[in-house]
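The values are calculated or read from the model by the stated rules, or taken from the named source; none is laboratory data. Please read these numbers as outputs of a predicted model, since none were measured by experiment. Neighbour counts are summed over all protein chains in view; Cβ atoms, including those assigned to glycine, are modelled from backbone coordinates with ideal geometry. Remember, those area values only see protein heavy atoms, side chains included, never the ligands or the DNA or RNA. Shrake-Rupley method; radii C 1.70, N 1.55, O 1.52, S 1.80 Å.
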Amino acid sequence: MIQITDTQKIGVGFAAFGVTFIFLGVILFFDKGLLAIGNILFLAGLAFVVGLERTFRFFFQRHKWKGSGAFFGGILTVLLGWPLIGMCVEVYGFVILFSGFFPVAVNFLRRMPVIGQILNLPFISGLLPPDSSS
């Protein structure tokens, strides 16, 4: 069984609060204060969960510079007071950074009872990457 340290538990809490604040900031018409707090908490949570060194190694790999630049540029744009533009740039960077992980996540979700049945419907499965388990 995997042991989770107290630091990682704190990181999960920070990341969860970060996502919650970002969600509330978007729901409340791109409130720049909530978005800024959410971004900072999410990044702090990520660093606590995987470690500071691994976080830096992830974001600053040569082939991920474009995604990292867009992600951090979006965060900076939100902090400077342009929340709508900043979130658009940030989402673009997030998609570029984690595009290699999306097929893995979709294949995991396809194995879940209710979500898997929904994702395997013909009109939805045509939009998603093919199942690599077969």
Exercise for the section: Evaluate segment 90-98: report whether one residue or more is more than 20 Å from G11 (Cα to Cα), in contact with a Leu (Cβ under 7 Å, 6 or more places away or on another chain) and either of a type in the set (A, V, I, L, M) or surrounded by 14 or more Cβ atoms within 10 Å (Cβ to Cβ) (or both). Expected result: no
Exercise for the section: Taking the options V19, V26, name whichever one is in contact (Cβ under 8 Å) with a residue 60 or more places away in the chain and either of a type in the set (F, W, Y) or within 23 Å of M87 (Cβ to Cβ) (or both). Expected result: V26
Problem - In segment 21-49, the residues that are closer than 16 Å to F72 by Cβ and open to solvent by 60 Å² or more (accessible area, probe 1.4 Å) - result: I40
Exercise for the section: For G86, state whether it is open to solvent by less than 50 Å² (accessible area, probe 1.4 Å), closer than 23 Å to I2 by Cα and not hydrophobic (A, V, I, L, M, F, W, C). Expected result: no
Exercise for the section: Would you point out which residue out of Q8, Q61, Q3 is polar (S, T, N, Q) and open to solvent by 80 Å² or more (accessible area, probe 1.4 Å)? Expected result: Q3
Handout entry: Lone unmet requirement of (1) of a type in the set (D, E); (2) in contact (Cβ under 8 Å) with a residue 40 or more places away in the chain; (3) farther than 21 Å from L28 by Cβ for E90
Key = (3)
Exercise for the section: Answer yes or no: is there a residue in segment 121-134 that is modelled with pLDDT under 90 and acidic (D, E). Expected result: yes
Handout entry: Residues satisfying the stated conditions in segment 120-134, i.e. over 24 Å from Y92 (Cβ atoms) and not in a loop (DSSP other than H, G, I, E, B)
Key = P122, F123, S125
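To keep it simple, each residue is scored yes or no on (1) in contact with an Asp or Glu (Cβ under 9 Å, 6 or more places away or on another chain); (2) in a helix (DSSP H, G or I).
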| position | (1), (2) |
| --- | --- |
| I4 | no, no |
| A15 | no, yes |
| V19 | no, yes |
| G25 | yes, yes |
| F30 | no, no |
| G33 | no, yes |
| A36 | no, yes |
| I40 | no, yes |
| L43 | no, yes |
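Only one of F72, F56 is over 30 Å from P130 (Cβ atoms), modelled with pLDDT of 95 or more and in a helix (DSSP H, G or I); which?
Details: F56 fails: modelled with pLDDT of 95 or more.
It is F72.
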